[in-house]
Every structure is written in structure tokens, then in C-alpha cells.
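Below is one structure, written out as C-alpha cells; the observations come after it.
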Amino acid sequence: FGKYVNSSLDSLLLPTLLVTFFILLIASRSAIAAFVPIVLALSAIIGAMGLVGLYSQGVSPVSQFVGQIVVLIGLAVAVDYSLFVISRFRTERSAGRDKLGSIEIASSTAGRAVFFSGLAVMISLGALLLINDEVFKSIAVGSIAVVFISVVGSLTFLPATLAILDRKVMRFGIPFLSRDRGEGGGIWGTIVRAATNRAAVAAIAACAILLLIAAPVSKLQLGSTTSDVSTLPHSVEGVRAWELISTKWPAGRNLTVEVIVTNAKQADTAAAVQTFVAAVKDGKVAGVNAATAKVDYSGDGTVVDIAAAIPGSPNDLTNWNLARDFRASVVPSYFGSLASTQVYVSGEATYTMDYSNWYGGQMPMVILFVLGMSFLLLLVAFHSIVIAIKAILLNLLSAGAAFGVLVLLFQEGWFKDITGIRPNVIEAWAPAMIFTILFGLSMDYHVFILTRVKEARDRGLASTDAVVKGITITAGTVTSAAAIMVCVFGAFFTIQLAIMQELGIGLAVAILIDATLVRSLLLPSLMKLLGEWNWWMPSFLGWIPRITIEGEPEELLGAIKAGPGQSGLGEAGAAGA
């Protein structure tokens, strides 16, 4: 299984890098600017895998999925952060600022946004460490490592590279694409302006669509796709054999429910065991294949395993209900009077039920941690309780929509003839993984966009104008970054394993919705409706430190570098600064 996953990843890496480079080429309009993010991403992935190797040697063996998750997140965040910084540098350079001044502005604006975005992603991924499971801990270590290295590289490697390349970062442009269309132009600028002009309609429509997509979450059924043979590719011989056995032995043969009894040598326990075994073989215990009943004693004879086959798969709700019935009524009716004897109900289906319930029970803790820490980070970063609450609500809508699509595709079987997906259940740990990764990556866009909005507002623009300017001038970069993420995540759909497909499609859909419907319609319309309330902070929270992430206003920085009397700013310009 592990070899299949790793070989699938190896076959995907090169095509994914090529697609990423192509999108970067279109987004940056320069081959050099497209190549730099790839270098940073590969460096971050290699560095993170080195740290994972140290962790595996010194702390604990790591999950077979760590490599895939590190590549998945590393390509996404490293390329995103590079785009943010390089695009700001090019904007400043094109505006006539000198090389070092452009690097300083890019670092103090986009660079700070990258720092806070990376912090948000690492905080979200840190929630996985709360789950007492080595799989999650190893994935969290690898994921946090690749984000951390990407942030460090964005704040050190990128400025140094830009200082070396300077205007060469704009070289080897594609003739048609290399034309500068100006900030705030294009289709996204038109959409954002339309959203702010009809703010109430846009907000209601976007919310209605997101809630409609998220509605199937109410049918979410967790299970184990890695232990259920039916979720593996049909091309595997073992899967075809399993299907044939299930067809020819409909009463069950491979799957069992087991009753484990201790103190089997005691007379009263031995008598109860005999009574129970006779009842199973006589067909008096509903739901099991009486003909397959068997008894197996431990080497010392103190523990007995009573097993019988059941039909279906480990994820069938019928088998889960059977396990609950065994625990609640069947076992107590035969062994309830034995005070010193322990009786346990086990088996593949029972284990899968317990496994799913355990992981599902961890979700509230993960969600509360991510929401709470993200709220505090945004509160400090923007000094606005409205911004913090709104960001969390928007991210929850994106996550809900992603889970809704997962249920429709992987559980309800929508478009199965097109996608080839075999409907089953959602992997028990997939929602926690998707939620933490998505929430962190969504903060990338939110922090980056709001940084430009606040920057424009601090220069004196009215709230609505600042919203339009901030969102439209970042739309191209955000769209390009989202397109890369969608391609990277979507590539995992080609791995014929349900869990990898769920992670890939869940994240790809969420990022697509987040970067289009949420950021281009819902965010600007809500900010237009709220107006100056966007920046409201209760007086009792005035003690929270004020940390700016938008850097110094450009005009003021230019004036400082030019010196007194040389800034070229008139009274109006000085007032704006």
C-alpha cells in the first residue's frame, strides 16, 4: 500500500511542477519570475523532508502519507509566498522606485503579510498535534516544517535573489502576456466593482450558494477507506477476489464480529461461553453467519475468541449497528452476571466504528483550537474584532462547501460514471486534515488582501474605495496562486486511493471556492455593507498590542528616503501620507 502511494506521488511530481511553472509563467509574465518560486518550493520540500527524517529517527516513525502532504503543502505555500513578494517588488520597480527601495517596500508589506500568513498556517496545522495519534503528529511536524522553511525563504532567499536579479526578474516574458495591464484591471476588477455596487444582492446570493453546497454535510458518514478493500482500485487482483467472495457468500465469510472473553477457565465463565457458542451455531444470534462460528482459545486457555462471519464491509452501518447491539444487549444477556470476567466486542467492522467515532470526536477540539488561535492572530494583526470574526465565518463557509462536495462525490456517488469514484464513506481523519490545511491556506489570501485594503485606507481612501482597490489589485496574484493550488491538489485525484482523492478534491474545491466566490463576491460585498464598522474595536480590548503588517505608506517611505524638502509631496500628498 505504501509503495503504491509513493510510486503514484513520484509519477505526479514532474507533471505537477510543469503545470505549476506554466501557470506561474502566465501569472508572472516572465520565465525568470516563474522559475524562482519553483526553486523556493523545492528547497522548502527538501528541507522539510530532512527535518521529518530527523524526527523519524529521534522521536517516532512517521506516517506513509507525510511525503505526500509535505509536497502538497510545500508547493502550495512556497509558490504563493513567492508570488506575493515578487509581484509587489515588480509593482514598485515599475512605479519607478529603485532596487533597494522596492525590496524594502516588498518586504515590509508583502513580506510581513507572508510572515503572518505563514504563522496562521502553522497555527492551524498545530491543531493536529492535539490529536493523540502518531499519524497526525508526524504529518503535523512535516507540514509545519515545510511552511516554516517557506516563510524563512520568502524573507531571506527572495529578497537576496531580487537584489541579484533586479529587473532581470522581468526578463524572458511572453510577448502577449508581458504587457502590463495596470492594477485593478481585468475581469476580477469588474466583478469586485459589481459586488460592491450591488452589495446586498451579492452577499445574499453568495451566502445562499455556499450554504446550498454545504447542505450535504448533514449526511456525512465517517469510516475507514484504508481498511476497506472495496475502496481500492478495481484493477488490483485482491479487490476482484474480495468482490467475488462477497457475491458468492452473501451471508459473510471474510468479515467477522468477535467476542473476547477473559477468565475462560472459571466454571461459570466456561458455561456461559458454551451457552453463547451454542446460541450462535443454532442461529439464535441475529446478524451473523451461524455456519462460520468458531472458537479459539489462547495458549494458556484463559482467554477465548468467539467469532462469526458477517456480510458487507467494515463501513456498513448495518454492521456498526450490529456491534452496538452486541455491546448493549447480546453480550450482557449471556455474560452480564459474571462480575470478574471481562467481555469485549471486536472485529473489523467494530474496530472501524470505534476508529471513526474516535477521530470524529477529535474534530470539535481541532476546530475550537484553530478558530480561537486564528481569531487572536487576526485581532492582533488588524486590530479589528469585525475583521477577525468575518474572516473566520468566511473560512467556515468555504470549509463547509468543500465538505458538502466531498459528501456528494465520495459518499452519495454524484458523477461517479465520469469521475470513476466508488461511493463509500469519508475517511475518518480526512475532515480534520482538510480543515486545518484549508483554514491555514485561506488565511493566506485573507491576510494578503486585507493588507492591501488597510494600506489603501490608511492613505486616506474611503472605506469602500479602499476595499475595491485592495481586492482588485491583488485579484490577479490571488487568482494565480489559487490556480496553482487547485492544480497541485487536484493532481492527487489521479492517485487511485480514496483518501488521497478526498484530500485532493476537498482542498482543490475549497481553494477554488475561496478564491473566487468568497474573495471576489462575498468579501467585498460584506466589507461594503459594513463600511467603517469593518475596523471597529471594542474599547475594552484596547490593551491588545497594535502590530501593523502593511508596513509604512509608500509616499511616507519615499519622503523619508528623499529627505526633508525633497519628497516632492505637496500639502495634499503630505496629508494623504
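The values are calculated or read from the model by the stated rules, or taken from the named source; none is laboratory data. Here the structure is a predicted model, which means the values were calculated and not measured. Here Cβ is always computed from backbone atoms with ideal geometry, including for glycine, and neighbour counts include all displayed protein chains. Quick note on the areas: whole protein, heavy atoms, side chains included, nothing else; ligands and nucleic acids left out. Shrake-Rupley method; radii C 1.70, N 1.55, O 1.52, S 1.80 Å.
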In region 256-273, the residues that are under 18 Å from T292 (Cβ atoms) and of a type outside the set (D, E):
T256, V257, V259, I260, V273
Which of the following residues is modelled with pLDDT of 70 or more and either open to solvent by 50 Å² or more (accessible area, probe 1.4 Å) or more than 21 Å from the chain's Cα centre (by Cα) (or both): S218, S235, S224?
S218
Could you go through region 197-205 and let me know if any residue there is open to solvent by less than 80 Å² (accessible area, probe 1.4 Å), at pLDDT 85 or above and within 26 Å of the chain's Cα centre (by Cα).
yes
Looking at region 291-301 only, could you name the residues that are open to solvent by less than 50 Å² (accessible area, probe 1.4 Å) and over 11 Å from T256 (Cα atoms)?
S298, G301
Only residues that are in contact (Cβ under 8 Å) with a residue 24 or more places away in the chain, over 23 Å from the mean Cα position of the chain (by Cα) and open to solvent by less than 20 Å² (accessible area, probe 1.4 Å): list them for region 34-59, please.
V36
Candidates T256, T262 - the one that is under 30 Å from E243 (Cβ atoms) and either of a type in the set (S, T, N, Q) or at pLDDT 95 or above (or both)
T256
Consider region 126-157. How many of its residues are of a type in the set (G, A, S) and closer than 18 Å to V59 by Cα?
6
Where residues in region 530-540 are assigned to a helix (DSSP H, G or I) and surrounded by 15 or more Cβ atoms within 10 Å (Cβ to Cβ), which of them is modelled with the highest pLDDT?
L530
Only one residue in V114, V152, V85 is β-branched (V, I, T), more than 16 Å from the chain's Cα centre (by Cα) and surrounded by fewer than 23 Cβ atoms within 10 Å (Cβ to Cβ). Which one?
V152
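So that you can scan it fast, the table gives a plain yes or no per residue for (1) touching an Asp or Glu at 6+ places or on another chain (Cβ under 6 Å); (2) closer than 21 Å to F89 by Cα; (3) modelled with pLDDT of 80 or more:
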residue	(1), (2), (3)
I387	no, no, yes
L397	no, no, yes
V407	no, no, yes
R422	no, no, no
I449	no, yes, yes
A462	no, no, yes
